[in-house]
Amino acid sequence: MPDLSQYFPITSPTMIFFVVLCIILFAPIVMGKLRIPHIVGMVLAGVAVGPYGFNILAKDDSFELFGHVGLYYIMFLAGLEMNMANFMKNRVRTFTHGLMAFVIPMVMGFFVNRGLLGYSVVTSVLLASMYASHTIITYPIVMRYGLAHQRSVTIAVGATAITDTLTLLVLAIVGGMFKGEITGGFWVLLFLKIAAVFFVIFFFFPRIARFFFHRYEDNVMQFIFVLAMTFLGAWLMELIGMEGLLGAFLTGLVLNRYVPNLSPLMANLEFVGNAIFIPYFLIGVGMLVNVKLLFGGLGTLQVAAVMIVVALVSKWVASLFTQKIFGMRAVERELIYGLSNAQAGATLAAVMVGYNLIMPDGGRLLNDDVLNGTVILILVTCIFSSFMTERASKSIALEERPSVPEETVGDDEKILLPMRHGGTSDLLVSLAVMMRNRELNRGIVALTVVYDDTNRLKYQERGRNLLAHVTKVANGLGVMVQTQVRIATNVINGIKHAFQEFNASEIIMGMHGEEETGGRFWGEFIPGLFSGLNRQIMIVRCLRPINTIRRIQVAVPSRAELEPGFHRWLERLSRMAENLECRIQFHAKRETLSLINEYVQNRHPNVRAEYAYMAHWIDMPKLSSVVNDDHLFVVVTARKGTISYKSALERLPEELTRHFSGKSLMIIFPDQYGEPVGTMTFTDPQHHEQRSAYDVLMTWFRKKFK
């Protein structure tokens with residue numbers, strides 16, 4: 001075997017940058033498969049490539065520079081993305097919970113650190129401040145369930161601003177104590193300096209920003225201006241002997257109103273931070289972790305265990321007090337607890353500041369045990385927070401049973417038809433015409449996405465011919481049609497961007513044949529589409545002319561009536577059955593069937609609907625015995641993490657392939673609340689792959705040992 005040790009650690013700046021980019025690229029993908037927040041994945045990758053791991057990379061000056069910038073960037077984005085409107089709306093409850101979520105972990109953590117771990121007063125205070133802060137990494141979960149306006153969510157989100165501000169203030173004071181002379185007037189002078197900097201940031205920064213944004217609209221100039229203001233605020237804090245983190249966080253708060261969440265400027269800020277600065281910082285943190293200490297004794301594990309217990313218990317006590325004081329329900333307490341439990345950005349900031357502070361005896365203020373324990377703390381609290389928020393959100397959503405007013409169903413109707421081949425174009429147009437609301441008299445949108453490659457011109461021309469045929473067919477049916485041949489380097493992104501540009505309400509698309517997909521059920525594009533869009537998607541495979549369909553069989557999962565898209569797909573199928581003059585039979589639980597029956601009777605009394613009880617979703621394959629060749633079998637499914645989702649839906653492709661291979665199929669992904677599940681940023685470090693590594697492993701295990 002060749003001796004590879006002579007090539008490591010890598011010292012070439014070019015190769016270091018290449019390896020770091022590979023980590024930034026692949027760590028979120030791997031962590032998403034393992035259901036681990038990818039912020040932890042970056043740290044673990046740093047552990048692996050660092051001097052205490054496999055010693056692949058040398059920790060050169062780039063980690064120092066980019067890491068320093070990334071630390072400020074995390075705190076700046078945390079302030080920039082605070083929802084200040086929600087904060088002010090429930091300010092009394094928010095301030096109460098915020099103070100308790102800070103004071104209780106501080107007090108509990110201080111005494112535990114002093115008594116159980118034997119740390120000094122200053123170390124105990126700084127370590128306790130880490131328990132007090134939290135990061136709202138599970139906010140996308142409540143968005144999926146449509147609970148963003150719940151008072152418990154508003155309280156938890158608003159309290160983040162309070163706890164993080166107070167934590168950073170403690171951090172700044174501790175850092176200032178080690179950077180300045182502690183004399184009799186130290187504290188008075190310190191608070192005067194802090195007050196002066198606060199005044200400059202809160203009074204002058206907004207006025208400077210308003211002046212600049214009114215006169216300059218160039219995105220690059222605005223981006224540079226915001227960064228300059230961030231580091232000016234950080235420098236002002238450092239100038240008075242404090243930590244610059246607080247200045248960066250406060251700058252984010254005061255610039256909050258000038259940088260809308262959906263603006264190009266916000267997109268640019270998140271892009272640069274997520275692509276370079278923040279990953280460099282996280283990888284640099286991992287390179288400091290000493291694996292030998294982690295497994296070499298009980299010190300690190302003891303510290304990690306204490307940190308985890310104190311963080312979880314103290315936040316639960318704070319949530320309990322908030323519930324009792326304001327007379328809230330137990331499930332609201334669980335939601336507050338889940339949202340305010342995860343440790344990430346501010347915790348990493350605190351541990352890095354404490355780790356870099358050298359005491360008079362030469363030791364670090366926060367030692368290696370605390371640094372290693374913090375990595376474990378972040379991993380455990382992020383996973384626990386996700387579990388608690390998911391459970392509480394689902395409970396609240398089930399209690400409220402959200403419904404859509406009948407008058408508004410279909411008012412936004414605009415159907416998008418992505419197509420590649422002429423073989424399915426007529427079918428898609430026919431389905432869209434049958435499902436559209438004639439009273440609205442809206443047209444449909446036909447789309448072809450062409451790869452931006454050397455064959456672009458040829459496929460553009462083929463796409464124009466296809467859409468010309470579609471226009472002729474639609475006009476023959478008396479329906480207006482808009483067409484677009486779109487050039488894109490990624491088909492999924494091309495469809496999603498067209499969906500937004502045309503303000504479409506839903507998608508109807510054909511299912512690709514097995515010869516195009518290598519035998520994969522969903523094909524190349526469909527998984528990325530339904531995980532990247534939260535609107536209704538209908539996927540169709542019709543093996544006979546649509547006008548010869550004699551019956552529509554619909555399998556509906558339990559709790560489907562609680563999804564926001566329940567009435568939309570029910571309306572579309574009812575219109576289809578009405579236009580085809582065929583029977584439609586629903587298979588579901590009794591409570592779901594009751595609501596379906598009520599809707600059909602009120603809105604489409606002429607539809608010949610039948611209802612069959614299906615006790616469990618595992619009985620769905622048994623429907624193959626009643627689905628004939630002249631039937632259309634419709635499966636209403638759900639995206640992962642939604643109210644009606646169940647683990648049995650993971651086996652849907654396998655079951656449809658095995659039991660319904662020769663049947664006409666339609667698969668419906670209903671409308672969902674909130675933003676797409678797959679959104680990934682480092683200020684929202686919770687990315688999920690559509691199918692986890694655990695699901696793949698279990699599928700392989702079942703096949704192997706069936």
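The values are calculated or read from the model by the stated rules, or taken from the named source; none is laboratory data. None of the values given here were measured: they were computed from a predicted structure. Cβ atoms come from the backbone with ideal geometry, glycine included; neighbour counts cover every protein chain shown. Ligands, DNA and RNA are stripped out before the accessible areas are found, and what is left, the full protein with its side chains, is counted by its heavy atoms. Shrake-Rupley method; radii C 1.70, N 1.55, O 1.52, S 1.80 Å.
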Using r as the Cβ-Cβ distance of Leu116 and Phe95, and R0 as 41 Å, what FRET efficiency do you calculate, to the nearest 0.05?
0.85
Positive end of the dipole of the chain, charges at C-beta (+1 Lys, Arg; -1 Asp, Glu), about the Cα centre: which of Ala27, Asn356, Gln460 has its Cα farthest in that direction?
Gln460
Answer label for mean projected area of the Cα convex hull in nm² (calculated), chosen among [x] 42.5; [y] 34.6; [z] 36.5:
[z]
Report the label-to-label distance for Glu578 and Met15 in nanometres (one decimal), using points 7 Å from each Cα along the Cα→Cβ vector.
7.0
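Could you look at the chain and say what percent of its accessible area is carbon and sulfur, using a 1.4 Å probe and all protein chains?
On the way: 18290 of 30550 Å².
Answer for the chain is 60 percent, counting heavy atoms of protein chains only.
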Just to be sure I understand the model, the point goes 7 Å from the Cα along the line to the Cβ. What's the resulting Lys646 to Val317 distance in nm?
4.2
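With every protein chain kept in place and ligands, DNA and RNA left out, what is the accessible area per residue of the chain? Probe 1.4 Å, answer in Å². Present the calculation step by step, with values, prior to reporting the outcome.
Numbers: 30550 Å² over 706 residues.
Here the residues of the chain average 43 Å² of exposed surface.
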Given the options Ser647, Ala498, Ala101, identify the residue whose Cα lies farthest towards the positive end of the charge dipole of the chain (+1 on Cβ of Lys, Arg; -1 on Cβ of Asp, Glu).
Ser647
Which residues' amide hydrogens lie under 5 Å from the amide hydrogen of Glu506, considering only partners 5 or more residues apart or on another chain, with H built in the peptide plane?
Lys414, Leu416
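At 0.36 nm per residue, minus the direct Cα-Cα distance, what do Phe701 and Asn503 gain on full extension? Give it in nm, one decimal, please.
66.9 nm
If you take the beta carbon distance between Ala330 and Phe271 as r and set R0 to 35 Å, what does 1/(1 + (r/R0)^6) give as a FRET efficiency, to the nearest 0.05?
Numbers: r = 41 Å, r/R0 = 1.16.
Step by step, r from the Cβ atoms, then E = 0.30.
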Relative to the longest principal Cα axis of the chain, at what angle does helix 330-339 sit, 0 to 90 degrees, rounded to 10?
70
Note the angle between two axes, namely the Cα long axis of helix 151-179 and the longest principal axis of the Cα atoms of the chain, as a number of degrees from 0 to 90, rounded to the nearest 10.
30
Place a +1 charge on the Cβ of each Lys and Arg in the chain and a -1 charge on the Cβ of each Asp and Glu, then give the dipole magnitude about the Cα centre in debye, rounded to the nearest 20.
1320
Could you pull the accessible area for Leu117 with a 1.4 Å probe, rounded to 10 Å²?
30
Only four residue types carry charge here, +1 at the Cβ of Lys and Arg and -1 at the Cβ of Asp and Glu. Report the dipole size of the range 430-501 about the Cα centre in Debye, rounded to the nearest 20.
140
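Ranking request for peptides 528-534, 538-544: highest mean number of other beta-carbon atoms within 10 Å first, then the rest in descending order. List each step's numbers first, then the result.
On the way: 528-534: 20.9, 538-544: 18.1.
Taking the mean over residues of other Cβ atoms within 10 Å, the ranking is 528-534, 538-544.
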Lys/Arg Cβ at +1, Asp/Glu Cβ at -1, dipole of the chain taken about the Cα centre: which of Ile667, Thr489, Met42 is farthest positive-ward?
Ile667
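Can you give the FRET efficiency to the nearest 0.05 for Gln302 and Glu399, using r as the Cβ-Cβ distance and R₀ = 45 Å? Intermediate values should be presented prior to the final figure.
Working: r = 41 Å, r/R0 = 0.92.
Plugging the Cβ-Cβ distance into 1/(1 + (r/R0)^6) gives 0.65.
Restricting to bridges with both residues inside the chain, how much of the DSSP beta-bridge set is antiparallel, in percent to the nearest 5? If you can, show how the numbers build up before the last one.
Numbers: 6 of 45 bridges.
Within the chain, antiparallel bridges account for around 15 percent of the total.
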Which of Lys33/Lys589; Lys394/Lys703; Lys414/Lys472; Lys33/Lys640; Lys324/Lys640 have a Cα-Cα distance over 25 Å?
Lys33/Lys589; Lys394/Lys703; Lys324/Lys640
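Arrange the peptides 438-444, 44-50 so that the one whose residues have, on average, the most other Cβ atoms within 10 Å appears first. Could the numbers behind the result be given before it?
On the way: 438-444: 14.1, 44-50: 23.7.
Highest to lowest by the protection proxy: 44-50, 438-444.
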Determine Rg/Rh for the range 543-640; Rg is computed over alpha-carbon atoms and Rh is the Kirkwood hydrodynamic estimate from the same atoms.
0.94
So what is the calculated 222 nm ellipticity per residue for the chain, using -39500 (n - 2.57) for each DSSP H run with n of 4 or more, over all residues, to the nearest 500 deg cm²/dmol?
-18500 deg cm²/dmol
In Å and whole numbers, how far do the C-alpha atoms of the range 16-68 stretch along each principal axis, longest first?
32, 21, 18
In degrees from 0 to 90, rounded to the nearest 10, what is the angle of the helix 61-80 Cα long axis to the longest principal axis of the chain?
70
In whole Hz, what ³J(HN,Hα) sequence does the range 579-585 give by Karplus (6.51, -1.76, 1.60; θ = phi - 60°), x for Gly and Pro?
6, 7, 6, 10, 7, 10, 10
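Between Val626 and Ile29, what is 0.36 nm times their sequence separation minus the Cα-Cα distance? Round to one decimal in nm. Show your work: numbers first, answer last.
On the way: separation 597, 0.36 × 597 = 214.92 nm, distance 4.14 nm.
Gain on extension, Val626 to Ile29, equals 210.8 nm.
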Whole-number percent relative contact order across the range 199-297, with pairs defined as alpha carbons under 8 Å at least 6 apart:
25
At a 10 angstrom cut-off on C-beta neighbours, averaged per residue, how do the peptides 352-359, 155-162, 413-420 rank from highest to lowest?
155-162, 413-420, 352-359
Provide the gained length on full extension for the span Arg544 to Leu189, in nm with one decimal, where the gain is 0.36 nm per separating residue minus the Cα-Cα distance.
119.5 nm
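Could you give me D for the range 532-598, from Stokes-Einstein at 25 °C and 0.890 mPa s, where the hydrodynamic radius is the Kirkwood radius over C-alpha pairs? Units µm² s⁻¹, please. Each step should come with its number before you reach the end.
Details: Rh = 13.2 Å.
In µm²/s, the coefficient rounds to 186.
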